[in-house]
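Before any comments, here is the structure.
The values are calculated or read from the model by the stated rules, or taken from the named source; none is laboratory data. In this text, all values refer to a predicted model and were calculated from it rather than measured experimentally. Virtual Cβ from ideal backbone geometry, glycine too; neighbours counted across all protein chains shown.
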Amino acid sequence: MVVFDKPKSLTDAQLHYCPGCTHGIIHRLVAEAIDTLGIEGKAIGVAPVGCAVMAYNYFACDMVEAAHGRAPAVATGIKRSLPENIVFTYQGDGDLASIGMAETVHAATRNENITVIFVNNAIYGMTGGQMAPTSLPGQVTQTSPYGRDVKTAGYPVKIAELLSALDGPEFIARVAVNNVKNVKQAKKTIQKAFENQINGKGFSLVEVISSCPTNWGMTPDAALKWIDDNMIPYYPLGVFKDKSAKEEG
Amino acid sequence: MENKVLMKGNEAIAEAAIRAGCRHYFGYPITPQTELAAYMAKRMPKINGTFLQAESEIAAINMVYGVAGTGKRVMTSSSSPGISLKQEGISYIAGSDLPCLIVNVQRGGPGLGGIQPSQSDYFQATKGGGHGDYHLIVLAPSSVQEMADLTALGFDLADKYRMPAMLLADGTIGQMMEPVVLAEEKEISKVNKPWAVTGTEMKREHNIINSLYLAPDELEQKNFERYEKYKVVEENEARYESFMMEDAEYCVVAFGIAARVSKNAVVAARKQGIKVGLIRPITLWPFPKKAIADAASKVKGFLSVELSTGQMIEDIKLAENCKVPVELCCRVGGMIMSPDEVLGSIKKLMGGAK
């Protein structure tokens, strides 16, 4: 009897992520949601530019590779063309919160019926550890070698809070994947973001606080602790907007 | 009996696109192509289609990329500064081998330029425009009728060769009204698109729409394959109109609104006994090289008439291969030459040519 197996909607391709990176967990949670809801045959994913650029090789459903930041626009086109299909994007912080900010905000305000998985690890991973829009004040990166100085580099962008101020989006939540309890909550939340789309509710975004041991310069273990000590205090977890719950409640 | 209607060029594009089976339009407001978007905004909701005013030109072209990936006919339209913004997406669409139609109703540049007609995006349209090695099929309408006809042709060629097509119009043809006969709405010729992302339905391997190839040998191979396809397009799809070329001693080359002006100049010159003809490229890529090369062995000189400081003239020179002189007659910035100015340039060419 198999008690633990790879989700069916992940391919057999070997992931290229660094040791200790939490992208693997998040891929698995997305795939588990797709499996549980039985939507692999209808799903179309949009991969970003960044560490998850090759996600199109890892998800077994149909996939499209978008230009940097443009995934919500690409997903909009796909969903408008095929409204019965399930369309999701998987994007990092540079992609979604910097270069793709306009596409993100406008897909949200149109309440496009898509699911957005937003991986926030406070750094540009693929290009080798530059300051991200979500890097914390004082955080040392390759392009903030003396620590992020908010006087010159500005403050981190709190995407969940920012988007939840819009009238458009259906569901905005923030989760983390640094311990078992948080992973369980993340799994439930990601599944809900897909259920919302199936039920025609509209734009659902889950921000996932993630780690980058390589570019943070930490062991995987220390990176998970750094999330508890530094990331979550700045980026509190929870549901920021849930239009249907508000209506029902 | 043919059903003639009076339409603006921009509206003719929109109606022709709908009749060619396009049900998805994404755009962003910009002069002088606005009528096209306005027409789509009215019509698309009535025929179960998509009209979406995107947050930017960049978003619009990426929405086009999304729909094109699903295998449906899709288009966007803009004018010069907006087309510059779309170049990122156009490069991705070309690099992913997707069909779509992009309309550029050109205005004067560079920068914000002006809002009057221009042809100064010739290089951008025919030499790639965005990053990387690629081409678009570029169609240059010279009348409102051609706005409609070449729109339909653009969709067909894009599907046939699995590459983006561009309708390179100008503010004059976009804004002016002429009688036009619109084709009946037809069943889209069923082009098989097994590569499209439509959901696997658990019946096939997953399809991936992508332009990333990290292995250099693989990327090289992809580029070479695409250029093999481009060769076929160049061999089969070059289109042009030849006017009074049979006995011509001089050849005017012009497209779009500049060709309309040039035709009047050719007629005026003929009345004065000057043996001059016109070659009007209808496709700018592929450029009608053979027609120019053939003419080069018969005429004493070429005159390129353009609303740019001389862009198409380079393609004329490449095609005629230094056989005879090639001169330029141009106005830019939204100005249009008069037939008299073209006639003057023809006479100047005659004086200089040996």
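A few comments on the model shown:
- Residue selected from segment A:28-42 under the condition in contact (Cβ under 8 Å) with a residue 40 or more places away in the chain and not β-branched (V, I, T), by the criterion farthest from the other protein chains (Cβ to nearest Cβ): A:L29
- Among the residues of segment A:172-181, some residue qualifies, meaning at least one is without any contact (Cβ under 8 Å) to a residue 60 or more places away in the chain and part of a helix (DSSP H, G or I).
- Here A:T11 fulfils each of the conditions (1) within 13 Å of chain B (Cβ to nearest Cβ); (2) touching a Gly at 6+ places or on another chain (Cβ under 6 Å) apart from (2).
- One residue stands out among those in segment B:308-323 that are modelled with pLDDT of 95 or more, over 19 Å from the mean Cα position of the chain (by Cα) and of a type in the set (A, V, I, L, M, F, W, C): the one that is surrounded by the most Cβ atoms within 10 Å (Cβ to Cβ), which is B:A319.
For every residue, the table says whether it meets (1) closer than 11 Å to A:A73 by Cα; (2) among the basic types (K, R); (3) within 17 Å of the chain's Cα centre (by Cα); (4) crowded, with 24+ Cβ neighbours inside 10 Å.
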position	(1), (2), (3), (4)
B:G49	no, no, no, no
B:E55	yes, no, no, no
B:I61	yes, no, yes, yes
B:G66	yes, no, no, yes
B:T70	no, no, no, yes
B:S77	no, no, yes, yes
B:K86	no, yes, yes, yes
B:S91	no, no, yes, no
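Listed here are the residues, each with its yes/no results for (1) in a helix (DSSP H, G or I); (2) closer than 14 Å to A:G168 by Cα.
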| residue | (1), (2) |
| --- | --- |
| A:A75 | yes, no |
| A:I78 | yes, no |
| A:Y90 | no, no |
| A:G94 | yes, no |
| A:S98 | yes, no |
| A:N113 | no, yes |
| A:V116 | no, no |
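- Test: A:D35 is of a type outside the set (S, T, N, Q), in contact with a Lys or Arg (Cβ under 6 Å, 6 or more places away or on another chain) and within 19 Å of B:H206 (Cα to Cα): yes
- Taking the numbered list (1) at the interface with chain B (Cβ under 9 Å from one of its Cβ atoms); (2) more than 13 Å from the chain's Cα centre (by Cα) in turn, A:I99 passes all entries but (1).
- Residue check for A:S210: closer than 16 Å to A:A108 by Cβ and either touching a residue at least 24 places away in the same chain (Cβ under 8 Å) or over 17 Å from the mean Cα position of the chain (by Cα) (or both): no
- Within this structure, B:A140 passes the test of being assigned by TED's automatic domain parsing to the domain that holds B:I90, in contact (Cβ under 8 Å) with a residue 24 or more places away in the chain and touching a Ser or Thr at 6+ places or on another chain (Cβ under 9 Å).
- Residue in segment B:256-274 that is among the hydrophobic types (A, V, I, L, M, F, W, C) and in a strand (DSSP E or B) present: no
- In segment B:285-307, the residues that are surrounded by 19 or more Cβ atoms within 10 Å (Cβ to Cβ) and either farther than 11 Å from B:F255 by Cβ or among the aromatic types (F, W, Y) (or both): B:W285, B:P286, B:F287, B:A291, B:I292, B:A295, B:A296, B:V299, B:G301, B:F302, B:L303
- Verdict on A:Y56 being free of Cβ contacts under 8 Å to residues at least 12 places away in the same chain and under 16 Å from the mean Cα position of the chain (by Cα): yes
- Hits in segment A:121-138 - residues which are closer than 20 Å to A:G50 by Cα and in a loop (DSSP other than H, G, I, E, B): A:N121, A:A122, A:G125, A:M126, A:T127, A:G128, A:G129, A:A132, A:P133, A:T134, A:S135, A:L136
- Checked against (1) free of Cβ contacts under 8 Å to residues at least 60 places away in the same chain; (2) among the hydroxyl-bearing types (S, T, Y); (3) within 14 Å of chain A (Cβ to nearest Cβ), B:S242 meets all criteria but (3).
- Residues in segment B:185-213 that are modelled with pLDDT under 95 and not polar (S, T, N, Q): B:E185, B:K186, B:E187, B:I188, B:K190, B:V191.
Matching residues to (1) within 14 Å of chain A (Cβ to nearest Cβ); (2) under 18 Å from B:I102 (Cβ atoms); (3) not in a loop (DSSP other than H, G, I, E, B):
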{"position": "B:V5", "(1), (2), (3)": "no, no, yes"}
{"position": "B:A12", "(1), (2), (3)": "no, yes, yes"}
{"position": "B:A16", "(1), (2), (3)": "no, yes, yes"}
{"position": "B:I30", "(1), (2), (3)": "no, yes, no"}
{"position": "B:A37", "(1), (2), (3)": "no, yes, yes"}
{"position": "B:R43", "(1), (2), (3)": "no, no, yes"}
{"position": "B:A60", "(1), (2), (3)": "yes, yes, yes"}
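- Among the residues of segment B:214-271, those that are surrounded by fewer than 16 Cβ atoms within 10 Å (Cβ to Cβ), of a type in the set (S, T, N, Q) and closer than 29 Å to B:L157 by Cβ comprise B:Q221, B:N223, B:N236.
- Among the candidates A:G69, A:G45, residue that is more than 8 Å from chain B (Cβ to nearest Cβ), touching an Asp or Glu at 6+ places or on another chain (Cβ under 9 Å) and either in a strand (DSSP E or B) or surrounded by fewer than 24 Cβ atoms within 10 Å (Cβ to Cβ) (or both): A:G45
- Pair list, Cβ under 8 Å, 6 or more apart: segment B:308-329 residue over 17 Å from B:M350 (Cα atoms) and not assigned by TED's automatic domain parsing to the domain that holds B:K127, other residue among the charged types (D, E, K, R) and in a strand (DSSP E or B): B:M312/B:E306; B:I313/B:E306
- Sole residue being under 14 Å from the mean Cα position of the chain (by Cα) and of a type in the set (V, I, T), chosen from A:V180, A:V175, A:V239: A:V175
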